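The values are calculated or read from the model by the stated rules, or taken from the named source; none is laboratory data. Source: prediction; values computed, not measured. Please note: Cβ atoms are built from the backbone with ideal geometry, for glycine as well, and neighbour counts cover all protein chains shown.
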Amino acid sequence: AQSVTQPDIHITVSEGASLELRCNYSYGATPYLFWYVQSPGQGLQLLLKYFSGDTLVQGIKGFEAEFKRSQSSFNLRKPSVHWSDAAEYFCAVGDRGGSNYKLTFGKGTLLTVNP
Amino acid sequence: DAMVIQNPRYQVTQFGKPVTLSCSQTLNHNVMYWYQQKSSQAPKLLFHYYDKDFNNEADTPDNFQSRRPNTSFCFLDIRSPGLGDAAMYLCATSRGLASDNEQFFGPGTRLTVL
């Protein structure tokens, strides 16, 4: 069964600092990969996704993620964090196989941004 | 703007009192999902509809039911809420069923059980 690990439960950065959120997955092949953001009291918003091709993926709000097959990782990065980026971030994997529709989410990383 | 709408945003119910949560979409998507998200946890899929076809996850308690009267609306019914059912309930939609179809989430309904 596929699984997703987000090793960092909570990260605090200063506004303007760079950010990297880690995500590792366990899957037999290359899954579909997603990053979602959830602001307090809100639903999930898709930041970016990787299906194939270029392993560096650009998303919304200045985020990017890099797929590294050798490390089974899909880490999320942002060069300069804004206070409005404070939220919870979820990495998710989707099965490429047939009609399997399920997304498996990691437990999330809560990002706090200090002024 | 096309979107996924959930009502109410906050719902308080009493232990054992049936409650219904509502989701509507203007995206005309075929698939609608219900997730349960407890505090500091990942969203957990309860069930989904592909058009009128209902698919219940194996570990979803019988206490949770769903209805989809038309393409636009989907309801989550909790027949006898327990304290452990207090959570955020997220509705999502997608055009198709395969996992490469982006899921669009509503803002969620926060359920409190007294």
- Query: So B:THR112 fits all but one of (1) part of a loop (DSSP other than H, G, I, E, B); (2) of a type in the set (S, T, N, Q); (3) within 14 Å of chain A (Cβ to nearest Cβ); what number is the exception?
  - Reply: (1)
- Consider A:VAL57 carefully, then state whether it is more than 8 Å from chain B (Cβ to nearest Cβ), modelled with pLDDT of 95 or more, closer than 18 Å to B:MET88 by Cα and in contact with a Phe, Trp or Tyr (Cβ under 9 Å, 6 or more places away or on another chain). no
- Would you mind listing the strands (runs of 3 or more DSSP E) fully within region A:30-115 where at least 2 residues are charged (D, E, K, R) and either touching a residue at least 24 places away in the same chain (Cβ under 8 Å) or buried (at least 16 other Cβ atoms within 10 Å of the Cβ) (or both)? A:64-68, A:73-78
- State all residues of region A:17-41 that are within 15 Å of A:ILE60 (Cβ to Cβ) and not hydrophobic (A, V, I, L, M, F, W, C); if no residue qualifies, say none. A:TYR36, A:GLN38, A:SER39
- Item | region B:30-68, residues that are under 16 Å from A:GLN42 (Cα atoms) and loosely packed, with under 13 Cβ neighbours inside 10 Å | B:SER39, B:SER40
- Query: On the given criteria, is B:GLN36 touching a Pro at 6+ places or on another chain (Cβ under 9 Å) and under 23 Å from A:VAL4 (Cα atoms)?
  - Reply: yes
- Message: Within region B:69-85, does at least one residue satisfy the condition of being within 14 Å of chain A (Cβ to nearest Cβ), within 15 Å of the chain's Cα centre (by Cα) and either surrounded by 14 or more Cβ atoms within 10 Å (Cβ to Cβ) or over 14 Å from B:TRP34 (Cβ atoms) (or both)?
- Response: no
- Item | Filtered residue count, region A:93-115, keeping only those that are of a type in the set (Gly, Ala, Ser) and either modelled with pLDDT of 90 or more or within 16 Å of A:VAL4 (Cα to Cα) (or both) | 3
